[in-house]
Amino acid sequence: MNIKNQLLILVVSALLAGCASSLTGDNYSAAEARKVQSVKFGQVISQRPVVIDGRENGVLGTAAGGILGGVIGSNVGGGSGRSIATGIGVIIGGILGQQVEATATRKQGQEITVHLDSGETLSIVQQVSSANFFSVNDRVKVLQQGDTYRVSY
């Protein structure tokens, strides 16, 4: 593999890693900042580890993989064989790029079931963070902003 292809692989990998967004209870988007949230208190009655699937319909992974596959395929053969190899490289690269993006954006999560002081029971899935890993019997607060819920200490 020549240096141009190696550099392209490095750039594609960096772009895919930069696409990962955080789903922890600690992270807020710019649009969510400085907005009122309702706060409820309760106790964790169960928790379990879950996996939050990554983006499977991402354009970046498909496009980047297709470009990389096309570049690699264009180095195979000559004449019309090179065109066919390039086309196959674009297709296979696009499929593989989509799979890489899905894997790169997959998160370790936690399903947290909270019995609120009001008597209501909620189950919320959020990404695991080092600051907030919840255990049964933990006293927590549940923050709600529209249809977004977070569990926090």
Among the residues of segment 104-121, how many are more than 13 Å from residue 48 (Cβ to Cβ) and either within 17 Å of the chain's Cα centre (by Cα) or not hydrophobic (A, V, I, L, M, F, W, C) (or both)?
-> 10
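Residue-by-condition table, conditions (1) at pLDDT 70 or above; (2) assigned to a helix (DSSP H, G or I); (3) in contact with a Cys (Cβ under 7 Å, 6 or more places away or on another chain):
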residue	(1), (2), (3)
66	no, yes, no
70	no, yes, no
82	yes, yes, no
92	yes, yes, no
109	yes, no, no
119	yes, no, no
Set 83, 74, 129, 135: member being in contact with an Asp or Glu (Cβ under 6 Å, 6 or more places away or on another chain) and not β-branched (Val, Ile, Thr) = 129
Selection count, segment 122-144, where residues are assigned to a strand (DSSP E or B) and either modelled with pLDDT under 90 or under 21 Å from the mean Cα position of the chain (by Cα) (or both) | 5
Residue 113 vs. criteria β-branched (Val, Ile, Thr), outside any loop (DSSP other than H, G, I, E, B) and modelled with pLDDT of 95 or more | yes
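Residues to consider are 136, 140; find the one that is crowded, with 18+ Cβ neighbours inside 10 Å and either of a type in the set (A, V, I, L, M) or in contact (Cβ under 8 Å) with a residue 40 or more places away in the chain (or both).
Answer to the check: 140.
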Of residues in segment 29-54 being touching a Lys or Arg at 6+ places or on another chain (Cβ under 9 Å) and not in a strand (DSSP E or B), the one modelled with the lowest pLDDT | 54
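The values are calculated or read from the model by the stated rules, or taken from the named source; none is laboratory data. Note that the structure is a prediction, hence the values are computed from the model and not measured. Reconstructed Cβ throughout: ideal geometry from the backbone, glycine too, with neighbour counts over all protein chains shown.
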